[in-house]
1. Give me the pairs, please: first residue somewhere in region 88-111 and free of Cβ contacts under 8 Å to residues at least 12 places away in the same chain, second residue anywhere and surrounded by 12 or more Cβ atoms within 10 Å (Cβ to Cβ), beta-carbon distance under 6 Å, and either six or more positions apart or on two chains.
2. Residues to consider are Y79, Y87, Y31, Y101; find the one that is more than 11 Å from the chain's Cα centre (by Cα) and aromatic (F, W, Y).
3. If you scan region 26-75, which residues turn out to be in a loop (DSSP other than H, G, I, E, B), in contact (Cβ under 8 Å) with a residue 24 or more places away in the chain and of a type in the set (D, E)?
4. Quick one: which residue in S8, S17 is surrounded by fewer than 18 Cβ atoms within 10 Å (Cβ to Cβ), of a type in the set (G, A, S) and either touching an Asp or Glu at 6+ places or on another chain (Cβ under 7 Å) or not in a loop (DSSP other than H, G, I, E, B) (or both)?
5. Within region 80-93, count every residue that is farther than 10 Å from L48 by Cβ, surrounded by 14 or more Cβ atoms within 10 Å (Cβ to Cβ) and not acidic (D, E).
6. Could you list all residues from region 29-62 that are touching a Gly at 6+ places or on another chain (Cβ under 6 Å) and polar (S, T, N, Q)?
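The values are calculated or read from the model by the stated rules, or taken from the named source; none is laboratory data. No experiment lies behind these values; they were computed from the predicted model shown. Note: ideal-geometry Cβ built from the backbone for every residue, glycine included; neighbour counts use all protein chains shown.
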Amino acid sequence: KKVPPELSELLERTMLSFDCQKKFMFGSPTYFINNNMFVGIHQDTIILRLSEKDREEILSTNDEAAPFEPMEGRIMKEYIALPESIYGNMDEFRKWLNRSYQYALLLKPKAAKAPGGSKKRA
C-alpha cells in the first residue's frame, strides 16, 4: 500500500516544531533523532516509538491503538500503530508525539549508516 498523501502531509506539518531528521524507509516518511527512528508512516498507519510505560498507557486508554505489526506475527518492539482517533485529534496526537520525541532523546545515539544500509567502515 502507498502512503496516503494527506497522512504524509499531516505528519510533515506536525513535525515542523521538532528538531529531528526526516528520512524515507521503503518510500515512507520517517523521523529520527540521533539516528533512532521515533515516528513514521507504514502504508496507511502512523507509528510511534514509546517507552514501556507510555505503551501500556496508550493501549489501556485507547481500544484502537495496537502494537505495530509490519508483517503478520512480527511485532516491532517499542512501536505502536496509532488509530485515526488519535492522529485526527491534534491535541492528542501532539501529546503522544511529544512523548515519543522525549523517549527518543534518551536513547543511545546510533552510528550513521552508509547508503544502502551497511555500516560505514573505517
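1. E92/I86
2. Working: Y79 fails: more than 11 Å from the chain's Cα centre (by Cα); Y31 fails: more than 11 Å from the chain's Cα centre (by Cα); Y101 fails: more than 11 Å from the chain's Cα centre (by Cα).
Exactly one of Y79, Y87, Y31, Y101 is more than 11 Å from the chain's Cα centre (by Cα) and aromatic (F, W, Y), namely Y87.
3. Looking only at region 26-75, we keep the residues that are in a loop (DSSP other than H, G, I, E, B), and these are 26-27, 34-35, 43-44, 50-51, 62-65, 68-70, 72-73, 75.
Subset that is in contact (Cβ under 8 Å) with a residue 24 or more places away in the chain: 27, 34-35, 43-44, 50-51, 62, 68, 70.
Listed by number, the list holds a single entry, D44.
4. Values: S17 fails: either touching an Asp or Glu at 6+ places or on another chain (Cβ under 7 Å) or not in a loop (DSSP other than H, G, I, E, B) (or both).
Step by step, each of S8, S17 is checked, and only S8 is surrounded by fewer than 18 Cβ atoms within 10 Å (Cβ to Cβ), of a type in the set (G, A, S) and either touching an Asp or Glu at 6+ places or on another chain (Cβ under 7 Å) or not in a loop (DSSP other than H, G, I, E, B) (or both).
5. Just the residues of region 80-93 that are farther than 10 Å from L48 by Cβ, to begin with: 83-85, 88-92.
After this cut, where a residue has to be surrounded by 14 or more Cβ atoms within 10 Å (Cβ to Cβ) as well, the list is 83, 92.
Okay, now just the ones that are also not acidic (D, E), so 83.
Total satisfying the criteria: 1.
6. T30
Listed here are the residues, each with its yes/no results for (1) of a type outside the set (A, V, I, L, M, F, W, C); (2) loosely packed, with under 10 Cβ neighbours inside 10 Å; (3) over 16 Å from L10 (Cβ atoms); (4) in contact with a Lys or Arg (Cβ under 7 Å, 6 or more places away or on another chain).
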site: F68; (1), (2), (3), (4): no, no, yes, no
site: M71; (1), (2), (3), (4): no, yes, yes, no
site: E78; (1), (2), (3), (4): yes, no, yes, yes
site: W96; (1), (2), (3), (4): no, no, no, no
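So that you can scan it fast, the table gives a plain yes or no per residue for (1) within 23 Å of L11 (Cβ to Cβ); (2) modelled with pLDDT under 95; (3) not charged (D, E, K, R):
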| position | (1), (2), (3) |
| --- | --- |
| E92 | yes, no, no |
| R99 | yes, no, no |
| G116 | no, yes, yes |
| K119 | no, yes, no |
